[in-house]
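Asks: What follows is a structure written as structure tokens; I'll ask about it next.
The values are calculated or read from the model by the stated rules, or taken from the named source; none is laboratory data. Keep in mind that this is a model prediction, so the values were computed, not measured. Using ideal geometry, Cβ is built from the backbone for each residue, glycine included, and neighbour counts are taken over all protein chains shown. With ligands, DNA and RNA removed, areas are computed over all heavy atoms of the protein, side chains included. Shrake-Rupley method; radii C 1.70, N 1.55, O 1.52, S 1.80 Å.
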Amino acid sequence: SSISNNVVVRASGLSKRYRLYDSPRHRVLDTLGLLRGSRAPVREHLALSDVSFDVTRGQKVGLIGPNGAGKSTLLRLITGATSPSTGTLKVVGETQALLQLGTGFHPDLTGRENVLAYLGHIGLTGPQARARVADVVEFAELEEYIDQPVKTYSSGMAMRLMFSASTVIAPSLLVIDEVLGVGDAYFAKKSFDRIREICAREGTTLLLVTHDIYNAASLCDRMLW
């Protein structure tokens, strides 16, 4: 059936299995179709099992649950980083993911070069991109370090830069996986305020994985356990 105009994410019977191998050699043999028989050294891990839900436009949804419950796996499916084993998933609109610290940032490039590369990847170049870089640097409060290689940054500095770059242009769907847990309380509050403001101003839909239920409750209008 066609997805309604108001639904941004629709999951139906979604499951994800990962094959676990005893050695890299077994992985290669299995990829080539050469591992056969019931005694093959392969195990299956069910990371996500039969999940169904809809997220409508503009909703702010917190995904909570114990470690190993499949929260990050679900976000990887939604952002297209991996594919479901069974079930269907439909995602409407442009998605921006903050999945892991430093994802897509090259350690040998400077902060400025990484931000320009990121903006180019999402189609922003020239004077527009340079103006956005200034916004990113100001929000991240990294003026002294922006022209230093990212490999010299602390994890907190890298998180500031990545968060600032990823939210300088509001996507229709923002996906965040625990990234706000890194860094100091001051910047965590500043980040939550920016997310709240983007969602209010642009109608951005938010999916947030966090272990901080109190922060999630202050930001989200719905929880999925």
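Asks: What are the pairs, 6+ residues apart or on separate chains, where a residue within the stretch 34-49 that is within 22 Å of Ala11 (Cα to Cα) and at pLDDT 65 or above has its Cβ under 9 Å from a residue that is of a type outside the set (Gly, Ala, Ser) and part of a loop (DSSP other than H, G, I, E, B)?
Replies: Note: pairs meeting the criteria are Leu48/Pro84.
Asks: Filter the stretch 187-206 for residues that are under 15 Å from Phe163 (Cα atoms) and aliphatic (A, V, I, L, M); which is most open to solvent (accessible area, probe 1.4 Å)?
Replies: Here the answer is Ala188.
Asks: From the set of residues in the stretch 153-175 that are at pLDDT 85 or above and under 18 Å from Cys220 (Cβ atoms), which is surrounded by the fewest Cβ atoms within 10 Å (Cβ to Cβ)?
Replies: Taking the candidates together, the pick is Ser172.
Asks: Going through Glu138, Glu144, Glu94, Glu113 one at a time, which residue ends up being open to solvent by 60 Å² or more (accessible area, probe 1.4 Å) and in contact with a His (Cβ under 9 Å, 6 or more places away or on another chain)?
Replies: When all the criteria are applied, what remains is Glu113.
Asks: Test of understanding: among Leu180, Leu208, which residue is hydrophobic (A, V, I, L, M, F, W, C), under 26 Å from Gly68 (Cβ atoms) and modelled with pLDDT of 85 or more?
Replies: Leu208
Asks: Within the stretch 103-171, considering only helices (runs of 4 or more DSSP H) that don't extend past its boundaries, which have at least 3 residues that are in contact (Cβ under 8 Å) with a residue 60 or more places away in the chain?
Replies: Here the list reads 155-166.
Asks: Continuing with this model, one more query. Name the single residue that is modelled with the lowest pLDDT among those in the stretch 214-223 being under 18 Å from the mean Cα position of the chain (by Cα) and open to solvent by 40 Å² or more (accessible area, probe 1.4 Å).
Replies: Looking at the filtered set, the residue picked out is Asn215.
Asks: So which residues in the stretch 57-78 are open to solvent by less than 60 Å² (accessible area, probe 1.4 Å), in contact (Cβ under 8 Å) with a residue 60 or more places away in the chain and within 20 Å of Thr95 (Cα to Cα)?
Replies: Gly58, Gln59, Lys60, Val61, Gly62, Leu63, Lys71, Ser72, Leu74, Leu75, Leu77, Ile78
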